[in-house]
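Chemist: Quick one: this structure, given as structure tokens, is what I'll be asking you about.
The values are calculated or read from the model by the stated rules, or taken from the named source; none is laboratory data. Worth saying up front: this structure is predicted, and the values here are computed from it rather than measured. With ligands, DNA and RNA removed, areas are computed over all heavy atoms of the protein, side chains included. Shrake-Rupley method; radii C 1.70, N 1.55, O 1.52, S 1.80 Å.
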Amino acid sequence: MTTRKLARVHGPDDVRLDELPMPAAGPDDVVVRVKACGICGSDLGYIHNGGLAPGSVLTQPLPLGHEFAGVVESAGANVQGVKPGQRVAVNPDDNYIGSGAEGSMGEFILIRNAKVGSSLYPLPDHVSEDKAALAEPLSVALHGINLTHVKAGDKVAVIGAGPIGLCAVAMLRHRGVKDIAILDREQSRLDRAKALGAKAAIKVSGDGDMTEGLAKAHGEHDRFGMRNVGTDVFIDAAGAAPALSEAMNIAKYKSRFAIIALYKKPATLDLFKMMANEIMMIGSIADSRHAEFAEALEMIAEGKIDLSPMISHRVAFTQFFDAIATASDPAKSAKVMLTF
């Protein structure tokens with residue numbers, strides 16, 4: 001084989017399966033044959049934007065894909081700890097896979113300066129590649145959880161039951177959190193969150209639904225004449241400004257927020273509420289998360305939490321455009337997994 005297919009963005013709403021030369025491993029590199037690759041909301045955003053951000057101009061096509069696992073096809077002489085034929089999950093952070101020169105929505109991918117425990121993680125025999133590909137979004141959620149110092153006894157609200165929100169539920173359960181409320185507009189996604197271990201699934205369709213739902217799930221009280229709910233931590237996995245604004249308005253004294261969603265435009269917040277209640281808000285891009293990636297893989301391997309509700313569709317790479325359309329419809333899908 002001398003060529004490979006790779007999904008690349010060429011402009012706004014212009015994604016193509018390009019035929020490219022096969023990658024070759026240098027002394028410090030490996031080539032991985034991709035077996036499973038998840039479609040992330042950021043991938044859909046890059047397609048819509050025509051690049052990494054709205055208004056960005058590409059100087060060359062942008063490769064897609066960063067949630068993946070596969071089999072080592074070839075390895076450079078200096079690479080230690082893996083050999084051809086070995087199954088691996090790949091942490092995309094080291095090489096900015098999916099937002100730089102390489103992407104995993106293709107048949108083969110070059111992993112530069114490959115190191116076990118940094119970019120490469122060998123898989124136990126019993127872990128399938130599609131489950132291993134979940135380590136990347138699971139570690140995204142875990143990073144936000146870690147930044148807000150979530151404790152097992154905390155009451156946590158996850159805003160948004162898309163793939164990252166579902167990952168947040170799974171990792172919260174892994175960390176021993178039991179009082180999890182999740183909010184979304186789509187009942188099918190809420191059902192998946194319940195199956196993963198959310199205690200309360202709150203369907204929202206307008207203003208006030210979050211307030212009433214969390215008041216019921218986590219309790220409420222009055223502070224300085226302001227209605228506060230008993231939620232300790234909010235994990236924003238939705239990227240919806242009205243939802244974040246409502247959460248800020250009802251957040252209690254010293255509550256914590258992790259923003260792990262992608263916002264497509266600026267959001268307006270009541271900073272008086274933030275000041276008066278000493279609310280902590282932190283962004284989480286999940287970079288340099290080697291320990292969290294490893295922990296997510298360990299959780300997958302343990303098998304104590306059934307992750308099957310997370311993957312709604314497995315679609316062959318040959319049906320790439322159908323898979324993108326399915327992933328773009330939140331009423332139909334959760335995590336759409338490309339298989340090779």
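Chemist: Using a 1.4 angstrom probe and counting only protein chains, how large is the accessible area of CYS40 in Å², to 10?
Modeler: Answer for CYS40: close to 20 Å² accessible.
Chemist: Using Cα pairs closer than 8 Å and at least 6 residues apart in sequence, work out the relative contact order for the chain, in percent.
Modeler: 17 percent
Chemist: Hey, another quick one. Can you work out the accessible area per residue across the chain, with the rest of the protein chains kept in place, probe 1.4 Å, in square angstrom?
Modeler: 42 Å²
Chemist: So, one more: With viscosity set to 0.692 mPa s at 37 °C, what whole-number translational diffusion coefficient in µm²/s follows for region 163-239 from Stokes-Einstein and a Kirkwood radius over Cα pairs?
Modeler: 253 µm²/s
Chemist: Next question. Would you work out if region 89-231 is rounded, prolate or oblate? Take a ≥ b ≥ c from the square roots of the eigenvalues of the alpha-carbon gyration tensor; rounded if a/c is under 1.5, else prolate when a/b is larger than b/c, oblate otherwise.
Modeler: Details: a/c = 2.42, a/b = 2.27, b/c = 1.06.
The shape class here is prolate.
Chemist: How much of the accessible area of the chain, in percent, comes from carbon and sulfur atoms when a 1.4 Å probe is used?
Modeler: Values: 7540 of 14380 Å².
The nonpolar share, carbon plus sulfur, comes to 52 percent.
Chemist: Can you tell me what the convex hull of the Cα atoms of the chain projects to on average, as an area in nm²? Spell out each step's value before the answer.
Modeler: Values: hull surface 66.0 nm².
Projected area, direction-averaged: 16.5 nm².
Chemist: I need the semi-axes of the equivalent ellipsoid of region 196-340: take the C-alpha gyration tensor, multiply each eigenvalue by 5, square-root it, list largest first in whole angstrom.
Modeler: On the way: eigenvalues 216, 67, 54 Å².
Calculated on Cα positions only, the semi-axes equal 33, 18, 16 Å.
Chemist: Can I ask one more? Which whole-angstrom value gives the distance between the alpha carbon centres of region 196-255 and region 114-132?
Modeler: 37 Å
Chemist: Turning to a different aspect of this structure: When a/c reaches 1.5 or more, the comparison of a/b and b/c decides; with that in mind, is region 256-340 rounded, prolate or oblate per its Cα gyration tensor? Don't jump to the answer; show the numbers that get you there.
Modeler: Numbers: a/c = 2.66, a/b = 1.56, b/c = 1.71.
Because a/c hits 1.5 or more and a/b fails to exceed b/c, region 256-340 counts as oblate.
Chemist: Pairs of Cα atoms under 8 Å, at least six residues apart: use those to get the relative contact order of region 204-340, whole percent.
Modeler: Computed over region 204-340, the figure is 15 percent.
Chemist: Further question: Determine the order of GLU67, GLU220, GLU73 by accessible area, beginning with the largest, at a probe radius of 1.4 Å.
Modeler: Working: GLU67 0, GLU220 100, GLU73 75 Å².
Descending order: GLU220, GLU73, GLU67.
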